[in-house]
Amino acid sequence: MGYEPLPAAEKKTPGGMFRKSYEKGTVIPLDFHCLEAAIKVLPKLLKGQYCSLIFWPLTLEQAFGKGKEGEVFLKNVREYSDKNRV
């Protein structure tokens, strides 16, 4: 069984929120917000369960290159995981 952390808001679908965020130029922070939510859920998953994320190509292109915010974020996740055995 798998889960995908998605943003939620009253009267808005996740797809609509991502579309609006992309149009406003704020999709990268929204992707990072979902990633942070996923990391918090990982320790609660049972054996055999998984968590998946879908990123906008823009996020991967602009935030996950060498020395960019995504690389720093993943480094912090790795350190957190090592500390908390996630």
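The values are calculated or read from the model by the stated rules, or taken from the named source; none is laboratory data. Please read all numbers here as calculations on a predicted model, not as lab measurements. With ideal geometry, Cβ positions are generated from the backbone for all residues, glycine too; neighbour counts draw on all protein chains shown. Just so you know, the surface numbers come from the protein's heavy atoms only, side chains and all, with ligands and any DNA or RNA stripped out. Shrake-Rupley method; radii C 1.70, N 1.55, O 1.52, S 1.80 Å.
For Gly2, the conditions (1) open to solvent by less than 60 Å² (accessible area, probe 1.4 Å); (2) within 16 Å of Leu74 (Cβ to Cβ) all hold with the exception of (2). Scanning region 24-41 for residues that are more than 10 Å from the chain's Cα centre (by Cα) and either within 18 Å of Arg78 (Cβ to Cβ) or open to solvent by 30 Å² or more (accessible area, probe 1.4 Å) (or both) yields Lys24, Gly25, Thr26, Lys40, Val41.
Among the numbered conditions (1) open to solvent by 70 Å² or more (accessible area, probe 1.4 Å); (2) at pLDDT below 80, the only one that Lys20 does not meet is (2).
The listed residues are Leu58, Leu46, and the only one of them that is at pLDDT 80 or above and open to solvent by less than 80 Å² (accessible area, probe 1.4 Å) turns out to be Leu58.
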